[in-house]
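K.L.:
Take a look at this one; I'll ask things after.
The values are calculated or read from the model by the stated rules, or taken from the named source; none is laboratory data. Values in this document were obtained by computation on a predicted structure and should not be read as measured data. Here the Cβ positions follow ideal geometry from the backbone for every residue, glycine too, while neighbour counts run over all protein chains shown. These accessible areas exclude ligands, DNA and RNA; they are computed on the full protein's heavy atoms, side chains included. Shrake-Rupley method; radii C 1.70, N 1.55, O 1.52, S 1.80 Å.
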Amino acid sequence: MKLRSTSGRLRTAMAGIAVASVILAIAGCGAGGSSQGAAGKLTVLVEGGGKAELQPIADLYQKETGTTVELVELPYDGLYDRIQTELGSGKTSFDVAALDAIWLSAFSTGVSPLDDLFTDDVKRDLFPGLVTEAQVGGSYVGMPVWTNSEILYYRTDLFGDPKNKAAFQAKYGYPLVPPTTWKQYKDVAEFFTRDTNGDGQTDLYGTDVKGAVETEWLATVSQTGEKTMVLDPKSGDVSIDDADHLAALNFYTSLLPYAPPGAAQLDWAGAQNLFYQGKLAMMRFWGHAYTQTPANAKVKGKIGVAPMIAGPGGIAGVPGAWYLSVPKATEKQAEAKKFIAFAYAHNDLSIKTSLGLVARISAFESQAGVAGHENYPAILTTLKSPETIARPATPKWQEIVTSVLTPMLQKAVAKGANNAALLKQAKGQIQAIVK
Amino acid sequence: MNGLETRRRPTRVILWGTLVAVLVLYGFPFVYLLLTSFKTPLDAIAVPPQVLPSQWTLDNYVAALSKEGVVPALINSGATAVLSTAFSLALGVPAAYAITRYRTPSGRIFVVAALVTRMVPTIAVGAPLVETMRRLGISDTTIGLAIAHTTISLPLSIWLMSSFFEAVPVELEEAAKVDGSDRLQAFRHVVLPVVSGGLAVTAIFAFLASWNEFLFALLLTSVRAQTTPIVIANFQTQFGLDWGGMTALSAVYSVPVILLTLALQRHIVAGLTLGAVKG
């Protein structure tokens, strides 16, 4: 009896599975939308955070041309694997891909040249660093679609406090203003590092020092005036142990006394949170974050922004740009390039998106004086600076970052680190990677 | 008796202590995920991390579930997992039965070969699968992804079911044959009911393998068949990670497998026991 009952349940379960299988097999598709690859349709691969940037452009393109633009959203790390796999297979499921700047050289052989899109007018309206970065092996392989840069964030309530102003003037001999140079930054960081509630513990720090990410140190390298960041990708010469890199690392680590402990593990999210919790007076961070302060942040409404600070060479950041590229394997070459030209022409549509990032200088300039976009002038100034240069165009860059630069920085922010020795060691490791 | 109880007490305390420690070790990450899903954005990335939210909120769930593509992805995940489980059982059960009952040299080679496929890195299979699915015209379809997932779960299904069939005495089938059943009838009416616990175990492992799979879903789907693990990973962007949204969707995504495991718990335990008592 029990056997029969179990058998009956089993049959029912199997029948259910079979019915579900048949239904789904007949459908032969998923719940996510219409089929791809159809005529009058372009498929664009884009990183999760970038979909919102492109959506208004895709919508307008569809309205004006009748061509549907399907934005396929993939996680940041997965996007690289997906593109690499498909370009390697010689056939792609996408017609356009949004590529991170640091991937351009790795994928340059699999994407079509866009030289005809880079007219003089186009190049004039793009930041010099982005134009340089877009060119790999003598051809333009991607059109900038949005860009970011680190800028300076500071607490307006602290900087505007008359007591702080007077005390700073008395101690340092010049007015308390958002710093523009390394010296000023260090002075201000030192000034604000204090115990505010009298419990004997420091609870406000002048700045943070990020040891778990490399980009901020690279910006510091550019601030020295260095023109060969880490290595020259053409010759393979590694410059990471030269005087400018050492000066940058020395300045970077000289801020440790004015930063919260745990620098070796501090990344973007950690630094951002320390600032939002009111534990930092200043922070160097990506420009887009200005419009994304959480409502319950202690510093909400008390944040000012300024261009990235300048070292001996001048103001410099690292361009965090994304590019639209066309895989050689797509049959829709002309349509894909047409979309990219359209995206460039309507770049300003991305201003009102969640990230609010654009690529064209004119799009940034269009928001001058517009409330809520105070970060634009700071980004603009930083990206326009001649010292702001792109990261080296080498397919090995990601490996260099992961296995050399980040570990080196984590050691550099440790107590008693020998910066010169660390840079020399890093040079050897990078030479081994690029040889 | 009381003396025996007294002597056993320290052992029990140690066992219970170990059990609690193991439970905490395994359970804490999930509990932390659950708690984070109820935190405000600021609490979610607090330095140092805080376990309990300072302010409880359902905003993360509202935001995550209203995000474009989340509901279709949940449907896709379910459909793909059900299909893949069905394929896995439909192919794995007869294969395992044949291997254990006929005991041919080719069967032994087959079962070892099935195990070897488990050793191949998924990414090595992924690239050729992309091209194969495209040629077959089933790229970005649920059925295509389910077939890909079956390549992962089928070897395990064959091995699991083989061990369960081994535990069923041949005499049971012979008795059924004496009563007039042919081999197929004996298989359907005698053997399969006996290994129903094993089937449940195999099904749940196949379901979980598909439900949680990421790499094939990343490589083989775009819009139509994209599954939830990809959507969850989309909360990580170049400029940051939306912990609230990611943990809320992860919590929601965990519910079906928790319910499935609870529903099939009796069968799972029975199935595991069946495999364990083989003499």
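K.L.:
Give me the tail of P(r) for segment B:114-173 as a percent: Cα-Cα pairs with distance above 15 Å.
P.N.:
60
K.L.:
Okay, next question. Chains B and A: what accessible area do they bury, summed, in square angstrom to the nearest 100, with a 1.4 Å probe? It would help to have the intermediate numbers written out before the result.
P.N.:
Working: alone 16110 and 19180 Å², together 30930 Å².
Using a 1.4 Å probe on protein heavy atoms, the buried area is about 4400 Å².
K.L.:
Then there's this: Out of the total accessible area of the protein assembly as shown (probe 1.4 Å, heavy atoms of protein only), what percent is carbon and sulfur?
P.N.:
Roughly 62 percent, rounded to a whole number.
K.L.:
If you fit an axis through the alpha-carbon atoms of helix A:333-345 and take the longest principal axis of the Cα set of chain A, what angle between them do you get, 0 to 90°, nearest 10?
P.N.:
Once rounded, one gets 40 degrees.
K.L.:
Next up: Give, ordered by residue number, each residue of segment B:72-93 whose 1.4 Å probe accessible area is reduced by a minimum of 10 Å² on adding the remaining protein chains to the chain alone.
P.N.:
B:Pro72, B:Ile75, B:Asn76, B:Ala79, B:Val82, B:Leu83, B:Ala86, B:Leu89
K.L.:
Let me ask something else about it. How large is ³J(HN,Hα) for each residue in segment B:92-99, as worked out from phi by the Karplus curve 6.51 cos²θ - 1.76 cosθ + 1.60 (θ = phi - 60°), to whole Hz, x for Gly and Pro?
P.N.:
With the stated coefficients, segment B:92-99 comes to x, 5, x, 4, 5, 5, 5, 4 Hz.
K.L.:
How much of the pair distance distribution for segment A:171-223 lies past 19 Å, counting alpha-carbon pairs only, in percent?
P.N.:
Tail of the P(r) past 19 Å holds 43 percent of the pairs.
K.L.:
Give a residue-ordered list of calculated ³J(HN,Hα) values for segment B:67-72 (Karplus: 6.51 cos²θ - 1.76 cosθ + 1.60, θ = phi - 60°; whole Hz; x for Gly, Pro).
P.N.:
Running phi through 6.51 cos²θ - 1.76 cosθ + 1.60 with θ = phi - 60° gives 5, 4, x, 6, 5, x Hz.
K.L.:
Follow-up. Size of the dipole of the protein assembly as shown about the Cα centre, Lys and Arg at +1 and Asp and Glu at -1 on the beta carbon, nothing else charged, in debye to 20?
P.N.:
For this selection, approximately 2160 debye.
K.L.:
Once the Cα gyration tensor of segment A:89-242 is diagonalised, what are the square roots of 5 times its eigenvalues, in whole Å and ordered largest first, as equivalent ellipsoid semi-axes?
P.N.:
43, 17, 17
K.L.:
Let me ask you something else. Per DSSP H run of n ≥ 4, the term is -39500 (n - 2.57); total these for the protein assembly as shown, divide by its residue number, and report the mean residue ellipticity at 222 nm rounded to 500 deg cm²/dmol. Mind dumping the intermediate values first?
P.N.:
On the way: 32 runs with 391 residues, N = 714.
That calculation yields -17000 deg cm²/dmol at 222 nm.
K.L.:
Which percentage, to the nearest 5, of the DSSP beta bridges contained in the protein assembly as shown is antiparallel? Write out the running numbers ahead of the final one.
P.N.:
On the way: 25 of 36 bridges.
Of all bridge pairs located within the protein assembly as shown, approximately 70 percent are antiparallel.
K.L.:
Which of the lysines could a cross-linker bridge to A:Lys163, judged by Cα under 23 Å and excluding same-chain residues fewer than eight apart?
P.N.:
A:Lys171, A:Lys183, A:Lys186, A:Lys279, A:Lys298, A:Lys300, A:Lys302
K.L.:
Sequence neighbours fewer than 8 away in the same chain don't count; with that in mind, list the lysines whose C-alpha is under 28 Å from A:Lys332.
P.N.:
A:Lys41, A:Lys51, A:Lys63, A:Lys91, A:Lys123
K.L.:
Cβ neighbours within 10 Å, averaged per peptide: list A:158-167, A:348-357 in order, most packed at the top.
P.N.:
A:348-357, A:158-167
K.L.:
If I histogram all Cα-Cα distances within segment B:1-146 using bins 10 Å wide from 0, what percent of pairs lands in each bin?
P.N.:
Percent of pairs per bin, in order: 9, 16, 20, 23, 20, 10, 2, 0.
K.L.:
Could you compute how fast segment A:283-435 diffuses translationally, taking Rh as the Kirkwood radius over C-alpha pairs and applying Stokes-Einstein at 4 °C with viscosity 1.567 mPa s? Give it in µm² per second. Intermediate results must be reported in sequence, preceding the final value.
P.N.:
Numbers: Rh = 19.0 Å.
Roughly 68 µm²/s, to the nearest whole number.
K.L.:
From other protein chains only, count the Cβ atoms within 10 Å of every residue's Cβ in B:222-234, then give the mean.
P.N.:
Per-residue shielding by partner chains comes out at 6.
K.L.:
For the ranges B:49-60, A:231-242, what's the packing order if you count other beta-carbon atoms within 10 Å of each residue, average per peptide, and put the highest first?
P.N.:
A:231-242, B:49-60
K.L.:
Additional query: List the aspartates and glutamates whose Cα sits under 12 Å from the Cα of A:Lys328, skipping any in the same chain fewer than 8 residues away.
P.N.:
List returned: A:Glu86, A:Asp95.
K.L.:
Tell me the angle of helix A:2-27 to the major Cα principal axis of chain A, expressed in degrees between 0 and 90 and rounded to the nearest ten.
P.N.:
Around 80 degrees separate the two axes.
K.L.:
Give me the 1.4 Å probe accessible area per residue for segment B:62-276, excluding ligands and nucleic acids, in Å².
P.N.:
Values: 9050 Å² over 215 residues.
Each residue of segment B:62-276 exposes 42 Å² on average to a 1.4 Å probe.
K.L.:
Alpha carbons only, please: Rg and Dmax for the protein assembly as shown, in angstrom.
P.N.:
For the protein assembly as shown, the Cα radius of gyration and maximum Cα-Cα distance read 30.1, 106 Å.
K.L.:
Report the trypsin sites (Lys or Arg not before Pro) located in segment B:86-133 that are in a DSSP loop and have at most 13 other Cβ atoms inside 10 Å of their Cβ, or state none. Please report the intermediate quantities before stating the final value.
P.N.:
Details: sites: B:Arg101, B:Arg103, B:Arg108, B:Arg118; in loops: B:Arg103.
Answer in residue order: B:Arg103.
K.L.:
Next question, about the same structure. Which whole number gives the average, over all residues in A:93-100, of C-beta atoms from other chains lying within 10 Å of the residue C-beta?
P.N.:
Numbers: counts 9, 1, 0, 0, 0, 0, 0, 1.
Across the residues of A:93-100, the mean count of other-chain Cβ atoms within 10 Å is 1.
K.L.:
Tell me, what HN-Hα J-couplings in whole Hz come from the Karplus equation 6.51 cos²θ - 1.76 cosθ + 1.60 at θ = phi - 60° for each residue of segment B:160-166, using x for Gly and Pro?
P.N.:
In residue order, the calculated couplings are 5, 5, 4, 5, 6, 5, 4 Hz.
K.L.:
Next question. Report the one residue of A:Gly78, B:Leu172, A:Ser222 whose Cα lies farthest in the direction of the positive end of the charge dipole of the protein assembly as shown (charges on C-beta: Lys and Arg +1, Asp and Glu -1; origin at the Cα centre).
P.N.:
B:Leu172
K.L.:
What average count of beta carbons from other chains do you get within 10 Å of the Cβ of residues in B:131-138?
P.N.:
2
K.L.:
Rounded, prolate or oblate: which fits segment B:186-239, taking a ≥ b ≥ c as square roots of the Cα gyration tensor eigenvalues, rounded meaning a/c under 1.5, else prolate when a/b beats b/c?
P.N.:
prolate
K.L.:
Expressed as an acute angle from 0 to 90° and rounded to the nearest 10, what is the orientation of the C-alpha long axis of helix A:51-65 relative to the principal long axis of chain A?
P.N.:
So the inclination is approximately 50 degrees.
K.L.:
Next question. Could you order the peptides B:8-16, B:206-214, B:171-179 from most to least packed, using the average number of other C-beta atoms within 10 Å per residue?
P.N.:
Top of the packing list down: B:206-214, B:171-179, B:8-16.
K.L.:
Take every Cα-Cα pair in segment B:62-276 and report what % of them are more than 26 Å apart. It would help to have the intermediate numbers written out before the result.
P.N.:
Working: 10094 of 23005 pairs.
Beyond 26 Å sits 44 percent of the P(r) for segment B:62-276.
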